[in-house]
Amino acid sequence: MQIPLKSMLLLLLPFASFAQKTVLPGNPDVNTARLKPGKSLFTIYYVKGETWTKKGIFTNEITVSGNELKFVADYKDENEKWFRKRTSITDAKTLSPVSYKSEGLKNSLDLNFGNTVTGKYHYLNGDKDKQITIKPTGKFVDFNVAEILFTALPLDVGYKAVIPEFYYGDSPDSVLSNYIIKDVKSYVQRSPKTGNHESWLVSVLEESSGAVYTYIIDKKDHRIWQREMPVGGGTTEICVNEELDYQPIESKFNKEENLKKLENGNSVIVGTAFARDHGRGVTVVNINKAQYAPKGTVVSILPNSAYIEEWKEVNRKIKKGKKLPEVPIDPNVAACIKKTTIYDDKGHFEFTNLMPGEYILFTSFGYTHRYSYQYYAGTSYLMHPSGAVLSSNANYKSANAATGVTAEIESKVTIRKDGDKVDVNLKDVR
């Protein structure tokens, strides 16, 4: 007997309803151990077609104190002319809402959650505060916390859930709506800093607006890598995680300590910067071997440190692997570079007021590499009258040439005790 399609749908309906469960704070699916305290930074882009326009940034920060979890979402536009800061307090184990505060340029909103939600709308233009009293018809999650609740769920292929959310808008009668997790699939997220990450691609329907959000959530550490949402007119807002916790260099750079090394000592370094040409190949005979750095050439000095050495080594390995971009140097390093200039035509320079320690000296200058060389100019033959070749000799001629090159010089120098005078040669040997 063939079962009618309508009857089949009625038979399947209970199973479909069961699969799409309702998840409230305290539900066994909510595992707050997946939430790691700390701050995340996201860059906000508006994307239309192939055009990405940066619109601003926001940070998410989780802190846990006792039985309370505090979640702060702080938004700022690209020109820092607009901001919105949302602070939620929840139960640390269940994510049951305790309080919510929203702060902006024109108003603020304070809510305290319980069987009755109370609070006030405060207008910064001086208008009278609006008192709020609402009795929701059911349990819910604070909408501001919904994103981190998604990451606390046991996501898997095909996972579905309905998550009631509280959002205070213009009408107190419509404060409850649903986030509906429609679909979960496996995905590989490519980070420009840390490579590939096995992730979940999570499709979430915001019932009140009909908007569909797409989240990329890491399978291992449960972080949100990216969030996409439509903003109208064919434009999509894409928020990208900037990986604040990406710290491939363990050593820290101490700006104050390094500045002291350059200013509080009694030692000096004097030196000569030059290039020494030894030519390229055995056929080259150099004409001008010593090429001094021209007068006015900048010579720089930087105190060496564990941070600098580790930064160099990390980037050396990255270059060798050819998969990830190099790690940028701490911007404070630039403030600890002291500069002087070559003061004569013999490449001489001086640094004073240095403390004992190891330093890196570096400079760059252009010069003309002049040389003479021999080249093959054909073969001469001794011929027999019969036309047979009796012997042959290769013929070479000499010529002079010149080419413009740049000397890139870096050298380490150690001052052993205060008051020492160290004489160094900065040379580029070719």
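The values are calculated or read from the model by the stated rules, or taken from the named source; none is laboratory data. Everything numeric here is computed off the predicted structure, so don't read it as measured data. In this analysis, Cβ positions are derived from the backbone assuming ideal geometry, glycine residues included, and neighbour counts consider all displayed protein chains. Heads up: the accessible areas ignore ligands, DNA and RNA and are worked out on the full protein's heavy atoms, side chains in. Shrake-Rupley method; radii C 1.70, N 1.55, O 1.52, S 1.80 Å.
Take the cross-link list Lys193/Lys323; Lys106/Lys130; Lys76/Lys101 and give me the ones stretching past 21 Å between alpha-carbons. Mind dumping the intermediate values first?
On the way: Lys193/Lys323 9 Å; Lys106/Lys130 14 Å; Lys76/Lys101 17 Å.
Violating the 21 Å Cα-Cα cut-off are zero pairs.
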Legend entry - Label-point gap, in nm, between Glu243 and Asp344 - each point 7 angstrom along Cα→Cβ: 5.2
Inset, instruction - Treat each spin label as a single point 7 Å out from the Cα along the C-beta direction, and report the Val72 to Lys220 distance in nm. - result: 3.0
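Output the pairs from Lys93/Lys139; Lys36/Lys219; Lys219/Lys319; Lys338/Lys417 with a Cα-Cα distance over 25 Å in this structure; if there are none, say none.
Values: Lys93/Lys139 16 Å; Lys36/Lys219 14 Å; Lys219/Lys319 28 Å; Lys338/Lys417 20 Å.
Listed pairs above 25 Å: Lys219/Lys319.
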Inset, instruction - Work out from phi, with θ = phi - 60° and the Karplus expression 6.51 cos²θ - 1.76 cosθ + 1.60, the ³J(HN,Hα) of each residue of region 415-421, listed in order in whole Hz, and give x for Gly and Pro. - result: 9, 7, 9, 4, x, 5, 10
Inset, instruction - Could you work out how far apart the two model spin labels at Val162 and Ser300 are, taking each label as a point 7 Å from the Cα in the direction of the beta carbon, and quote it in nm? - result: 6.2
Legend entry - For Asn353, distant residues with modelled amide H under 5 Å away: Ser267
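Compute the length gained on full extension between Lys255 and Asn332: take 0.36 nm times their separation in residues and subtract their Cα-Cα distance, giving the result in nm to one decimal. Display every interim value, and only then the final one.
Numbers: separation 77, 0.36 × 77 = 27.72 nm, distance 0.61 nm.
Length gained between Lys255 and Asn332: 27.1 nm.
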Inset, instruction - May I ask you to give the solvent-accessible area per residue for region 122-231, in square angstrom, as obtained with a 1.4 angstrom probe? - result: 49
Inset, instruction - Starting from the Cα of Lys421, draw a straight line to each of the aspartates and glutamates and keep only those under 14 Å, dropping any in the same chain fewer than 8 residues away. - result: Glu350, Glu358
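Tell me, in nm to one decimal, what length is gained between Asn264 and Asn112 on full extension, where the rule is 0.36 nm per residue of separation less the Cα-Cα distance? Don't skip to the end; give the middle numbers.
Numbers: separation 152, 0.36 × 152 = 54.72 nm, distance 5.65 nm.
Between Asn264 and Asn112, full extension yields an extra 49.1 nm.
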